[in-house]
Amino acid sequence: MTIKLNTTGYPLEIITPFINMLQEKINQYEIPDEVTHITLKFTDPKYGERSGGFHPTDVQLEKQTDGAWRIAALCDYCNFSHGKHPHFAKDLEFDFNRQLYHNICGVFSIDEAKEHFSSWQTNMVFFIQEHKAYDTDIQMHWTPNIR
């Protein structure tokens, strides 16, 4: 199944190159019809506490009742490890469903994220397409029909 993402109706402007990049990544996988939630996982295999690198990032997608797909949330993680015990924490989250923006300083209205989100998504496209910084994986979930 080929997935087509909604391009409108988000609380923040989503640029076409970002949507196109997500669709290209998603459509590399076979998505069964019963799947209702997808998480695209972008990871830099070189990222670490000492080496630095590109933050791991998740893009959560959900199928709407009309069959269309939309971005639900985007999460960027950073390494808060101490020694040999790796620990990742949310550095940024743009939660479109709850209209919230979370960064290391706290939780805010999504309206306060406009400038940050604009530069974040432009950078993400650049890191993926030009830098080839990330490996991409996918997790698929579905909610069974309960009658």
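The values are calculated or read from the model by the stated rules, or taken from the named source; none is laboratory data. What you see is a predicted model; the values in this text were computed from it and never measured. Here Cβ is always computed from backbone atoms with ideal geometry, including for glycine, and neighbour counts include all displayed protein chains. We work out accessible area using only protein heavy atoms, side chains counted, and drop any ligands, DNA or RNA first. Shrake-Rupley method; radii C 1.70, N 1.55, O 1.52, S 1.80 Å.
Residues of the range 29-50 that are under 24 Å from residue 78 (Cα atoms), free of Cβ contacts under 8 Å to residues at least 60 places away in the same chain and not basic (Lys, Arg): 47, 48, 49.
Since residue 55 meets every condition but one in (1) more than 21 Å from residue 90 (Cα to Cα); (2) assigned to a loop (DSSP other than H, G, I, E, B); (3) within 14 Å of the chain's Cα centre (by Cα), which condition does it not meet? Here residue 55 clears every test but (1).
Hey, can you tell me all the residues within the range 35-51 that are part of a loop (DSSP other than H, G, I, E, B) and surrounded by 13 or more Cβ atoms within 10 Å (Cβ to Cβ)?
35, 36, 44, 47, 49
Residue count for the range 115-147 satisfying the condition of being open to solvent by 100 Å² or more (accessible area, probe 1.4 Å) and either of a type in the set (Lys, Arg) or farther than 16 Å from residue 45 by Cα (or both): 8.
Name the one entry in 18, 54 that is of a type in the set (Phe, Trp, Tyr) and open to solvent by less than 30 Å² (accessible area, probe 1.4 Å).
Details: 54 fails: open to solvent by less than 30 Å² (accessible area, probe 1.4 Å).
Of 18, 54, the one residue that is of a type in the set (Phe, Trp, Tyr) and open to solvent by less than 30 Å² (accessible area, probe 1.4 Å) is 18.
Figure legend. Inter-residue proximity from the range 86-114: first residues more than 23 Å from residue 49 (Cα to Cα) and open to solvent by 30 Å² or more (accessible area, probe 1.4 Å), second residues assigned to a strand (DSSP E or B) and of a type in the set (Gly, Ala, Ser), beta-carbon distance below 8 Å, spacing 6+ or different chains. Indicated pairs: 97/72; 97/73; 99/109; 100/109. Of the listed requirements (1) closer than 21 Å to residue 4 by Cβ; (2) more than 15 Å from the chain's Cα centre (by Cα), residue 48 misses just one: (1).
Against the definition (touching a Ser or Thr at 6+ places or on another chain (Cβ under 8 Å), in a loop (DSSP other than H, G, I, E, B), open to solvent by 30 Å² or more (accessible area, probe 1.4 Å) and polar (S, T, N, Q)), how does residue 65 come out, yes or no? Answer is no for this residue. Cβ separations smaller than 7 Å between residues 6+ apart or across chains give the following pairs from the range 5-28 residues that are without any contact (Cβ under 8 Å) to a residue 24 or more places away in the chain and polar (S, T, N, Q) to residues that are surrounded by 13 or more Cβ atoms within 10 Å (Cβ to Cβ) and in a loop (DSSP other than H, G, I, E, B): 7/14; 23/3. Just one of (1) of a type in the set (S, T, N, Q); (2) open to solvent by 60 Å² or more (accessible area, probe 1.4 Å); (3) farther than 19 Å from residue 116 by Cβ trips up residue 60, so point out which. The one condition residue 60 does not meet is (3). The number of residues in the range 21-34 being aliphatic (A, V, I, L, M) and assigned to a loop (DSSP other than H, G, I, E, B) comes to 1.
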